[in-house]
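Working notes, structure below.
The values are calculated or read from the model by the stated rules, or taken from the named source; none is laboratory data. Predicted, not measured: the structure shown is a model, and the values here were computed from it. We place every Cβ from the backbone using ideal geometry, glycine too, and count neighbours over all the protein chains shown. Note: areas computed on protein heavy atoms with side chains; ligands, DNA, RNA excluded. Shrake-Rupley method; radii C 1.70, N 1.55, O 1.52, S 1.80 Å.
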Amino acid sequence: LEVLPGDLLESATAVGSGTESFTREDTAGIGVLTNGVFGGAGVDKPESASLGNNTITYTLPTPADLFSIALYTSWNSGRDGIDVTVSYATATDPLTFTQLADINYDSPFGDASWEPQDNPAAVVANYAVLTGSTGVLASNVAAIRFDFGPDAYGWAGYREIDVLAVPEPASLALAALGGLAMIRRRR
């Protein structure tokens, strides 16, 4: 899987809390979630954070209009589900979080309780991408909160979380001109 370039969380401040550790089974913790790397396939513990029954809040360096949010997991098919509620707070009301989405997806590939941990065929990678129907998920966002549910086995191995801003109008104009040039060239 390819992670999205331009992640706002790479420069954001993260605060984690909850009843579960972010480093279960020797996973690396929340720092890997914003490093821009999905990592190798499988149960690569140094490239994962164990998330379940905990919360991470990211404070953005400057408020932004959000374009998309992507979450990536990979583990055996018992710790690969995505169970998260995504909320945001605006710069004008930084203490009030508004729910943006509730994602609860588990892989249809079976139960890991019978699969050996070193079985590459048992490894599953999942991702979820949130986008706005008008191109904007939320405006003037100062903080983003992820409340992680317990998944099938108490926690899941998350690899990356990417949050992208709405492209600036100048960038959109350049992309449109590039698209017109390509159409013109095809003729």
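Remarks
- For region 132-146, filtering for residues that are part of a strand (DSSP E or B) and either over 21 Å from VAL84 (Cβ atoms) or at pLDDT below 90 (or both) leaves 2.
- LEU60 meets each of the listed conditions (1) out of contact with any helix residue (DSSP H, G or I) (no Cβ under 8 Å at 6 or more places or on another chain); (2) in contact (Cβ under 8 Å) with a residue 60 or more places away in the chain apart from (1).
- Contacts under 8 angstrom Cβ, first residue in region 19-37 being within 19 Å of ALA125 (Cβ to Cβ), partner open to solvent by 50 Å² or more (accessible area, probe 1.4 Å) and part of a loop (DSSP other than H, G, I, E, B), 6 or more apart: GLY36/PRO5
- Of the residues in region 39-48, not one is at pLDDT 90 or above and within 21 Å of ALA156 (Cα to Cα).
- Filtered by the rule that a residue be surrounded by 17 or more Cβ atoms within 10 Å (Cβ to Cβ), of a type outside the set (A, V, I, L, M) and more than 16 Å from LEU8 (Cα to Cα), region 126-152 gives ASN126, TYR127, ASP147, PHE148, GLY149, ASP151.
- The set of residues from region 86-109 being modelled with pLDDT under 90, in a loop (DSSP other than H, G, I, E, B) and either surrounded by 14 or more Cβ atoms within 10 Å (Cβ to Cβ) or aromatic (Phe, Trp, Tyr) (or both) comprises ASP106, SER107, PHE109.
- The strands (runs of 3 or more DSSP E) located wholly in region 9-85 include none with 3 or more residues which are closer than 25 Å to VAL166 by Cβ, of a type in the set (S, T, N, Q) and open to solvent by less than 10 Å² (accessible area, probe 1.4 Å).
- The set of residues in region 153-162 being open to solvent by less than 10 Å² (accessible area, probe 1.4 Å) and not acidic (Asp, Glu) consists of TRP155, ALA156, GLY157, TYR158, ARG159, ILE161.
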